[in-house]
Amino acid sequence: MSKEILSSNGEKLGEITLEKSVFGVEPNLHVMHLALRRQLNNARQGSASAKTRAEVSGGGKKPWKQKGTGRARAGSLRSPLFAGGGVIFGPKPRDFSFSMPQKARKLALKSALSSREEQLVIVKDFSTITEPKTKLMASTLKSLNLNGKILIVADFRAAENQYLELAARNIPSVKLLLPTNLNVKDLLEADSVVMTEAAVNDITERLSK
């Protein structure tokens, strides 16, 4: 399966053959769902905490005598039944993260890439962005006819893409990722995925091992 390579001005420069084992697999929805859950869970802080009746200060004195008042018996004002009391089964700090086998993580990425193959745009590089100016990035996106949420996968530390990060950071609908940081969540959320030729080769090499 082949795909056009464009310049960042939208001109056709040639074609690239996409590895079918990476960009053309049958998407495995279950594994993608697991990878997405893992990513979201691993990002959770898990720091929510509420005090139990044992941890709330005060409440040492019995609020009223056991019998004869007509009220329900009470041993402490820090009971969960009173305002200011402890919380029954409240949250405690915990680790929500879980792991996945490396093969399953690779399959999830391949599935996500394959499911976005039609929305994939491949550019040679971003060397036409010669200054760290947002208007140059906006012009590039217009030339490539891209709208909505755009994911750009490129090595923005390379010399030919040196101004890409600064030119793109003021556009809220654009997210920039290094090829090594490619993930299922960002791939599925984007309306369009833009990759440089070098990024495609890097991802293919990593995922076809």
Log entry, pairs with first residue in the range 143-161 being in contact (Cβ under 8 Å) with a residue 60 or more places away in the chain, second being surrounded by fewer than 17 Cβ atoms within 10 Å (Cβ to Cβ), beta carbons closer than 9 Å, six or more apart or on different chains, reads Ser143/Asn9; Ser143/Gly10; Ser143/Glu11; Ser143/Thr128; Leu144/Asn9; Leu144/Gly10; Asn145/Gly10
Gly86 fails exactly one of (1) open to solvent by 80 Å² or more (accessible area, probe 1.4 Å); (2) assigned to a loop (DSSP other than H, G, I, E, B), namely (1)
When every residue in the range 17-42 that is assigned to a helix (DSSP H, G or I) and open to solvent by 90 Å² or more (accessible area, probe 1.4 Å) is compared, the one modelled with the lowest pLDDT is Lys20
Those residues of the range 99-125 which are closer than 26 Å to Lys149 by Cβ, in a loop (DSSP other than H, G, I, E, B) and open to solvent by 60 Å² or more (accessible area, probe 1.4 Å) amount to Lys124
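A quick yes/no check of all residues on (1) in a loop (DSSP other than H, G, I, E, B); (2) surrounded by 12 or more Cβ atoms within 10 Å (Cβ to Cβ):
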position	(1), (2)
Ile5	no, yes
Glu15	no, no
Gln45	yes, no
Gly68	yes, no
Arg73	yes, no
Ser76	yes, yes
Phe82	yes, yes
Of the conditions (1) touching a residue at least 60 places away in the same chain (Cβ under 8 Å); (2) in contact with a helix residue (DSSP H, G or I) (Cβ under 7 Å, 6 or more places away or on another chain); (3) surrounded by 11 or more Cβ atoms within 10 Å (Cβ to Cβ); (4) not acidic (Asp, Glu), the single one that Phe96 does not satisfy is (1)
Flagged pairs (Cβ under 9 angstrom, 6 or more apart or on separate chains; first in the range 58-69, closer than 18 Å to Pro80 by Cβ; second open to solvent by less than 80 Å² (accessible area, probe 1.4 Å) and aromatic (Phe, Trp, Tyr)) are Gly59/Phe82; Pro63/Phe82
When the range 181-209 is checked residue by residue, the ones that are open to solvent by 40 Å² or more (accessible area, probe 1.4 Å), within 19 Å of the chain's Cα centre (by Cα) and in contact (Cβ under 8 Å) with a residue 24 or more places away in the chain are Lys185, Leu188, Glu189, Asp191
Note on the range 1-43: residues of a type in the set (Gly, Ala, Ser), touching a residue at least 60 places away in the same chain (Cβ under 8 Å) and at negative phi are Ser7, Ser8, Ser21, Gly24, Ala35
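Would you call Thr140 open to solvent by less than 10 Å² (accessible area, probe 1.4 Å), out of contact with any Asp or Glu (no Cβ under 9 Å at 6 or more places or on another chain) and farther than 30 Å from Val31 by Cβ? It would help to see each step written out before you state the result.
Numbers: open to solvent by less than 10 Å² (accessible area, probe 1.4 Å): yes; out of contact with any Asp or Glu (no Cβ under 9 Å at 6 or more places or on another chain): yes; farther than 30 Å from Val31 by Cβ: yes.
Yes, satisfied.
The values are calculated or read from the model by the stated rules, or taken from the named source; none is laboratory data. Treat the numbers as computed from the prediction; the structure is a model and nothing was measured. Virtual Cβ from ideal backbone geometry, glycine too; neighbours counted across all protein chains shown. Protein only, heavy atoms only, side chains kept; ligands, DNA and RNA dropped before computing areas. Shrake-Rupley method; radii C 1.70, N 1.55, O 1.52, S 1.80 Å.
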